[in-house]
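The values are calculated or read from the model by the stated rules, or taken from the named source; none is laboratory data. Keep in mind that this is a model prediction, so the values were computed, not measured. Cβ coordinates were reconstructed from backbone atoms using ideal geometry, including for glycine residues, and neighbour counts include every protein chain displayed. Just the protein is used for accessible areas: all its heavy atoms, side chains included, with ligands, DNA and RNA removed. Shrake-Rupley method; radii C 1.70, N 1.55, O 1.52, S 1.80 Å.
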Amino acid sequence: MADETEPDGGVPAPRKRKERGSLSRGYGRSEERNRAVRESLTPLAEGERPTVVTLGAIVSMLVAVSALVAYALGAKADGHRPEFVQVLAPALLFGIMAWGMWMARYWAVLGFQIILLFILFSAFFGITTNASTVGEFLGTGSILVIAGLFFFFMVKAMARIQMPTREPRD
C-alpha cells in the first residue's frame, strides 16, 4: 500500500481520521442494546437464587468437603502428605464461597467466576500444549466446556443479583 505524497514529492499526507460521529453512533447503539438488556432483567425476589448460582454453591461445598475428607483419609500429593494449613485454606475459601452463593451474594459469585477463569485458562493451556492422548484431550475439553458454560450463565445471574430493587416513585 503506497502512501499518498505531497505534490512536491516530499512528506506523506496525513491520513484522514474517521469522524467522531461514527464512533459515537456505534457507542450509542451499543449503549441502547445494553439498556434494553438491563431493562429486561428482573431483580431477584426475596430468598430467590438463580439455578446456576445454586449449582455453583453445591460444587463449592463439594470441593471444600472433598479436600477435608481426602486429607482425613491420608491422601498424598506428589508422594507427600500436605500440611493441614495447605488443605484448610482452600477448604475454607470454597466453604465461605459456597455459603455466599447460597445466600446469593454478588462477591461470592464473582469469586467463583474468578476461579472459573483460572480453570478455563489452565485447561486451554493444557489442551494446547500437554494433551497427547484422546483421553487427555476429551477430559480437558470437557473441563473447558463445563467451566465455560458455568461462567457464561453466571454473568446474567450476577447482573440480577447486583440489581437494586426498584421502588415506585411518589
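For Thr128, the accessible area of its heavy atoms, probed at 1.4 Å with every protein chain present, is near 80 square angstrom. Quarter the surface of the alpha carbon convex hull of the stretch 67-170 and you get the mean projected area, 9.3 square nanometres. Here the simple spin-label model places points 7 Å from the Cα toward Cβ, and for Leu41 and Ile96 these points are separated by 2.5 nm.
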